[in-house]
Structures are given as C-alpha cells and as structure tokens.
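All remarks here apply to the structure that follows.
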Amino acid sequence: MRVRTWPVVGVIFAVLWVFVRGMPLTPISLVRGLLAGLLVGLPVAFVFRRLYGKYVDLGRGVRALPYAGLYLGAFVWELLRANLDVAYRVLSPGMPIEPEVILVPLRVESDIAITVIANSITITPGTVTLDYDDETNALYVHGVNGRDPEAIAEPIRTWEDYALELFNEDASPADPPPAIVVSGGERDSTTGRQRGGDDDD
C-alpha cells in the first residue's frame with residue numbers, strides 16, 4: 001500500500017520523541033508523549049517533505065522489518081565482540097597490532113544502504129571507514145588488526161546480506177561478494193609480515 005511519506009515520517013518522529021524524552025512507562029505518559037510528538041513531528045515532516053520521496057510502500061516496509069532486526073542483532077553482536085577485542089589489546093601492551101587498509105567492494109548500491117554499512121563499520125571499535133570509491137562501489141576500511149583481512153570483511157559481508165533485503169537492492173545475498181583488496185600486499189601466515197610491501201628498517 002503506497003501512502004504519502006511525510007505523515008509516516010511525522011509518526012516516526014513522534015515515536016522517537018517518546019524514546020528521547022525518557023517518559024515513565026505508563027499508558028497515560030506514553031499517549032501524552034506520542035501526542036506531543038505528533039504535534040511537533042507532523043509539521044516538521046511536512047515542512048521538510050521535499051527531502052524524501054513523495055510516496056512510501058508500507059507493505060514493503062513491513063516486510064523489511066525482520067531484516068532490520070537481523071541487521072541490528074548482527075551489528076550489536078559485532079559491537080560487543082569488537083569492544084572486548086579492543087579492550088584486550090589495550091590491557092595487553094605486548095599484543096601485536098598490525099593495522100591494515102582494505103578495499104571492500106559492495107553489492108548494495110543505494111546511498112542509504114552504503115551509508116548505513118559505512119557508519120556501522122566506523123561505530124565498531126577497531127575499524128573505521130576511510131572513504132568510498134564511487135567508480136568501484138567500494139569502501140576503504142582501516143582495521144586495527146590486519147593479520148587476517150578476511151576477518152575484517154566478514155562482519156561487513158554479514159551486514160550487507162541483511163542490507164540487501166532490508167533496502168530492496170537489485171543484488172541478493174545469494175550473489176557471491178567481490179573479493180577484497182589488501183592495500184599492503186598479501187600476508188605471510190607464518191611470520192605475519194607482508195609480501196609485496198616495503199620492509200621497514
């Protein structure tokens with residue numbers, strides 16, 4: 001079912017208002033907060049209605065909700081794991097840190113999907129999105145532990161699988177992801193040093 005976008009955005013603003021205000025979890029407080037949010041959110045959404053599409057497919061939005069939940073779950077899990085990993089590295093000064101920049105080609109193509117994935121990478125401790133290459137549709141990602149570049153790309157690929165469905169992309173999770181490109185050359189698994197790069201004296 002296609003409906004105008006701005007009323008939907010106004011309702012979303014109202015729901016966000018309830019969460020931001022931190023109201024007591026009583027029916028009266030929640031209803032009052034939602035009404036107050038609608039009084040502010042609907043006019044704001046109407047004024048800025050040219051910033052988003054004119055219509056939205058509510059049926060598509062409902063079908064995307066499970067993938068939004070899966071994306072959020074996978075992101076939170078990786079966030080917790082990465083926090084523990086970085087904390088362990090901070091508390092273990094002798095642990096080697098070998099930063100690396102990798103190029104991660106993407107299957108998602110919409111601006112919103114690329115932005116969500118890029119921000120997810122940056123929010124996760126130990127990785128940061130450095131740049132986006134429009135010609136190759138790829139992200140430059142810096143990882144604090146470059147000994148295993150595939151391990152850096154693995155959670156990104158998981159998020160992308162869910163983002164393909166969430167944002168109704170042309171590609172599907174069944175399509176094989178393009179290979180990553182490691183900036184410093186291949187790693188020697190026995191020594192942990194790079195091949196193809198200059199050695200530091």
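List of remarks:
- Residue-wise HN-Hα couplings along segment 128-134, as the Karplus relation 6.51 cos²θ - 1.76 cosθ + 1.60 with θ = phi - 60° gives them from phi, are 8, 7, 8, 6, 10, 9, 5 Hz; Gly and Pro carry x.
- Relative contact order (percent, whole number), segment 23-167, Cα cutoff 8 Å, 6+ residue spacing: 27
- Rg(Cα)/(2.2 N^0.38 Å) for segment 65-126, N = residue count: 1.36
- Carbon and sulfur %, accessible surface of segment 1-95 computed with the full protein complex present, 1.4 Å: 75
- Translational diffusion coefficient (Stokes-Einstein; Kirkwood radius from C-alpha pairs) of segment 2-53 at 10 °C, 1.306 mPa s, in µm²/s: 142
- Taking θ as phi - 60° and the Karplus parameters 6.51, -1.76 and 1.60, the scalar couplings of segment 70-84 work out to 5, 4, 4, x, 5, 5, 4, 4, 5, 4, 5, 4, 5, 4, 5 Hz in sequence order, x denoting glycine and proline.
- In degrees, nearest ten, helix 111-123 long axis to first principal axis of the chain (Cα): 60
- Counting only the Cα atoms, segment 95-166 fills a convex hull of 76 Å³ per residue.
- Longest to shortest principal axis, alpha-carbon extents of the chain, angstrom: 66, 39, 28
- The ellipsoid equivalent to the alpha-carbon distribution of segment 1-89 has semi-axes of 30, 21, 13 angstrom, derived from the gyration tensor eigenvalues as √(5λ) and listed largest first.
- Couplings 3J(HN,Hα) for segment 14-25, derived from phi with the Karplus relation 6.51 cos²θ - 1.76 cosθ + 1.60 (θ = phi - 60°), are 5, 5, 4, 4, 4, 5, 5, 5, x, 6, x, 7 Hz, where x marks Gly and Pro.
- Amide H to amide H distances under 5 Å link residue 108 with no residue, where only residues 5 or more positions off or on other chains count and H is placed in the peptide plane.
- Only alpha carbons enter this Debye calculation for segment 40-90, each as an equal point scatterer, and the log10 of I(q)/I(0) it gives at q = 0.24, 0.27, 0.33 Å⁻¹ is -0.90, -0.96, -1.06.
The values are calculated or read from the model by the stated rules, or taken from the named source; none is laboratory data. A quick note: this is a predicted structure, and the numbers were derived from the prediction, not measured. Just the protein is used for accessible areas: all its heavy atoms, side chains included, with ligands, DNA and RNA removed. Shrake-Rupley method; radii C 1.70, N 1.55, O 1.52, S 1.80 Å.
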